Structure formats: C-alpha cells, structure tokens
Amino acid sequence: MNAELISVGTELLLGQIVNTNAAWLAERLASFGVNVYRQITVGDNLNRLAATVSDSLKRADILILTGGLGPTEDDLTREGVAQATERPLEMDEEQKARLLARYQSRFGNMPENNLKQATKPRGSIILPNPNGTACGYAVEKDGSWIFMLPGPPWEMEYMFEHEVVPLLNKFFDLSEHLFHRNLRFFGIGESALEMEILDLVKNQTDPTIAIYAALGEMQMRLTTRAKTKEEADRKLDGLHEKIKAIVGQFIYGTDEDTLFSVVAKQMQAKNLTLSLAESCTGGLLASSFTDLAGSSKFFKQGWVTYSNQSKIEQLGVKAETLEEHGAVSQQTAIEMALGARARSQSDYALAVTGIAGPDGGTVEKPVGLVWLGLAGPEGVISKELNLRGRRDQIKLRSVKNAAYLLFDHLKEKI
C-alpha cells in the first residue's frame, strides 16, 4: 500500500510555519503498514496544485492533502482536487446546514464566503469536523483514494483518527503493520558502522536496516511487516542478535533509551550514587541526568566550577596543577573528579573540563579539546576528546561522552 502526502499552503514554502502535519501522518500511516513514498509541499496556486494531485494519483493508492480548506480565495484544495479528478464542485446541503447552524449558535450571521466550505467535488464523502468549520473529504479516482483534511493539527489529527482510519480499513487490507526497533550506538561513525554489517545491509529483505546519525551518536532502525507484535518481535530479535554479534560493543540501548537513562538504570540496579563536576558544560550534564524522573535515587549533587578559583575552593584542585597544566588538562579533570567524589561521598564522580568555543582556543589547546575524569572505588580514569561543531554541539557531545565513559565502565564492573 503506497501513499503520498501533499501539504498545501504558501506559508509552508516560505518557512513561516513548520510542517508538523506531514511528520505526524507519515508516522501514523507507517504504523498501519502503509508506505509513504513522497511528501510534497505546494503553494496556493490552483494549476500547480491540480497538477501535483494528478501526478501523485499515477503512483499512490492513498493520497492525503492537508490545508487549503478554509473560506478564503486562496484556499484551493477543493478546487484543485476537483480539477484533477474531473469532478465539478457542488454544494452539499447537509454541510451547508451544519455551517449555518454552527455560525448562528456562536457568531450570528455567517459571512457569505464561508459557503465555500460547504462545496465538494461531486461524489465526495464528507468528513465531519467537530473542532472547526472546515470539513474534510474523501473521494475515489481510478482505485485510488484521496483524503482532504484541514490544516490545523488538532483538527487534522482528530479527523484522521475518527474518520480516515475507519475508511482506510474499509477500502484497504491493513492487517499487516510495520514494526520498528531502534538500536542506539556510541563510539562508532556512520561509515564504519555500515562497513561492519555490510553483508547484512546488502542482503536485507525483511526486516530492513536503516542507519542514520544523531548528534554525537548513531541509530539503526530495524523494520519489519507483521500481523502481530509477537510475530514482529521474533523477526526483529533474529536480526538484532546478528548485529549484536558483530558490533555489540557499541550498542548501549534500544528505542527510547538515552545514554543518561541507561546509566541511571545501571546505577539504580546496584544502589550506586553519582556526583558531577562541570566546567565547560555549565551544568548540562547535571541537567541531562536530573531530567530523568527518579534521578534523586542515584544523583547526589553537582558543581559548576567555571573559574579556576572555584575549582580550587569547591573541589580542591591544586593551584599548582592549574598553573602548570591549565584548567583544560588531564590532571585538572582527574582532580575535579576526585574532589567531587570525596566531598559528596558518592560512589562515582564525573568531571568535564574543556574549550567549547568559539573563542579561547590555542594551537596547543584548540576549541573542542575536552578532558573527562571518572573517579570511583576502582580508582580514577580520564579521557581526551577532540570535538568539532558549534559551542552548543561541543557541550552536548561532551556530556554524551561523559555519560558513555561511565556507562562503559559500569558495564565492565557490574
């Protein structure tokens, strides 16, 4: 089953409105096993809209348009579909009566141009809209079905769930659904990850594999088509195990897991506690952990020691360490971690110090140089990072690397 989405509105082309409707519809259609092969945005131009609809009908079983169903001259979705399907527009008397009653009960007399919202391509099914004045429409053309939905997301989503889904189940076999599993990786790049599993990628059929990059980490989406979740899990489990056998050392979680949530699970499983000492990340690491519900079960406290003096006074970093090696150094990161652990009496302490930029770098210590320190019962370890990107990206990559350093250590120790 193939679908295409057409988003109507010049404001979308101008970037004045973010198109959340297409993303929402694509995700919902995928859950029903419908393949969305194209998402198209077209402005408020009748001929271009009609041509776009005609072109999509050559390929798609299901065509969903959003927007352009208002009462004004530039709301042209009804006219565009009528032209593409060679169906004249006609007045729907029941919809006209509903519009008049709605206006009279709320606003008084209805403006004449609102009658446009009671017209439809001949033979269309009216899709009621309890949340607004713009009804939707469903119309068939040569075996394909066209659905026209209003642009406001709260109206569109309600109409899709309550009107479109029942019609899709009536007109099409939706017994098979798409199921996904996202594997989350850290410490390996996109090209290297693909090369490691290249044989699986080349020979994929069902389930399929898709690799994509997120900031500072990688994700791999496994997708299968099945009638039940149990059937899907059996198929996904088999491929998951093959991937783990090859690159399992880089997998830290699945689906909704984050580096911070998996560390939280590790620590709570062993009743461990954590403290943090941050410089260049300015509290972002603490924020990332405390964003998790229940973080008080493992997180004790944190310090943001931005200045050298605060590192000395709050964490006990030696003045001579800062003078000899500087704030961004292995020695300082180690002393920050040791100081945080000693002062908080936590099981583990993480420290981050670096140069987030865009200024402050030198030849010896460029922007993006970050040192991590981890102190625990087993001693202290450190790691040097050389990161690229904007200031905010360097900060985010730093905290993800810090979380992974702890995750990897705990994975080996507990």
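Rule-based calculations on the coordinates, nothing more; no lab input. Just so we're clear, the structure is a prediction, and the values are computed from it rather than from any experiment. Positions of Cβ are backbone-derived with ideal geometry, glycine not excepted, and every protein chain shown enters the neighbour counts.
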Problem - trypsin sites (Lys or Arg not before Pro) within the range 361-391: DSSP coil, no more than 15 neighbouring Cβ in 10 Å - result: Arg388, Arg390
Exercise for the section: Give the percent of DSSP beta bridges with both residues in the chain that are antiparallel, rounded to the nearest 5. Expected result: 60
Exercise for the section: Please give every one of the aspartates and glutamates within straight-line cross-link reach of Lys202, meaning a C-alpha to C-alpha distance under 17 Å, and leave out same-chain neighbours fewer than 8 residues apart. Expected result: Glu190, Glu194
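Count the net charge of all other residues whose Cβ sits under 13 Å from the Cβ of Thr258, scoring Lys and Arg as +1 and Asp and Glu as -1.
My count for the surroundings of Thr258 gives -2.
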Problem - Whole-Hz couplings from phi, Karplus 6.51/-1.76/1.60, listed for the range 126-134; x for Gly and Pro - result: 7, 9, x, 10, x, 9, x, 8, 8
Exercise for the section: For the range 50-65, take each phi angle, set θ = phi - 60°, evaluate the Karplus expression 6.51 cos²θ - 1.76 cosθ + 1.60, and give the result in whole Hz per residue in order, putting x for glycine and proline. Expected result: 4, 5, 5, 4, 4, 5, 5, 5, 6, 10, 9, 7, 10, 10, 10, 10
Practice task
Could you pull out every one of the aspartates and glutamates with an alpha carbon less than 16 Å from that of Lys270, ignoring same-chain neighbours closer than 8 positions?
Solution key: Asp347, Glu378, Asp408, Glu412
Practice task
Report the local net charge at Glu384: Lys and Arg +1, Asp and Glu -1, summed over other residues whose C-beta lies under 15 Å from its C-beta.
Solution key: +3
Exercise for the section: Please give the contour-minus-distance gain from Asp237 to Gln345: 0.36 nm per residue of separation, less the Cα-Cα distance, rounded to one decimal in nm. Expected result: 34.7 nm
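What list do you get for Val370, Val263 if you sort them by fewest beta carbons within 10 Å? Before the final figure, lay out the partial values.
Working: Val370 26, Val263 29.
By the 10 Å Cβ count, ascending: Val370, Val263.
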Problem - Dipole magnitude (debye, nearest 20) for the range 177-254, charges at Cβ of Lys, Arg, Asp, Glu - result: 240
Practice task
Figure the gain on full extension for Leu14 and Ala213 (residue separation times 0.36 nm, minus the Cα-Cα span) and round it to one decimal in nm.
Solution key: 68.9 nm
Exercise for the section: Work out the charge dipole of the chain with +1 on the Cβ of Lys and Arg and -1 on the Cβ of Asp and Glu about the Cα centre, then indicate which of Ala26, Ala214, Leu49 is farthest towards its positive end. Expected result: Ala214
Fill in the blank from the handout: With Cα coordinates, the longest principal axis of the chain makes an angle with the long axis of helix 330-344, in degrees rounded to 10, of 90
Problem - Loop GluC sites (Glu not before Pro), the range 120-229 (other Cβ atoms within 10 Å of the site Cβ: 14 or fewer; DSSP) - result: none
Exercise for the section: Starting with the fewest neighbours, write out Leu338, Leu178, Leu276, Leu14 ranked by other beta-carbon atoms found within 10 Å of each beta-carbon. Expected result: Leu14, Leu178, Leu338, Leu276
Exercise for the section: Please report, in debye to the nearest 20, how large the charge dipole of the range 83-142 is about its Cα centre when each Lys and Arg carries +1 at its beta carbon and each Asp and Glu carries -1 there. Expected result: 240
Handout entry: Total charge dipole magnitude, the chain, about the Cα centre, Cβ charges on Lys, Arg, Asp, Glu only, Debye to nearest 20
Key = 640
Practice task
At 0.36 nm per residue, minus the direct Cα-Cα distance, what do Ala319 and Glu384 gain on full extension? Give it in nm, one decimal, please.
Solution key: 21.2 nm
Practice task
Calculate the spin-label point distance for Arg391 paired with Asp173, positioning each point 7 Å from the Cα along the beta-carbon direction, and give it in nanometres.
Solution key: 5.9
Handout entry: Mean Cβ neighbour count within 10 Å, used as a protection proxy, ranking 103-109, 165-171 highest first
Key = 165-171, 103-109
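If I take every Cα pair under 8 Å that is 6 or more residues apart in the chain, average their sequence separation and divide by the length, what percent do I get for the relative contact order? Mind showing how you got there, number by number?
Values: 759 pairs, mean separation 41.3, N = 414.
Computed over the chain, the figure is 10 percent.
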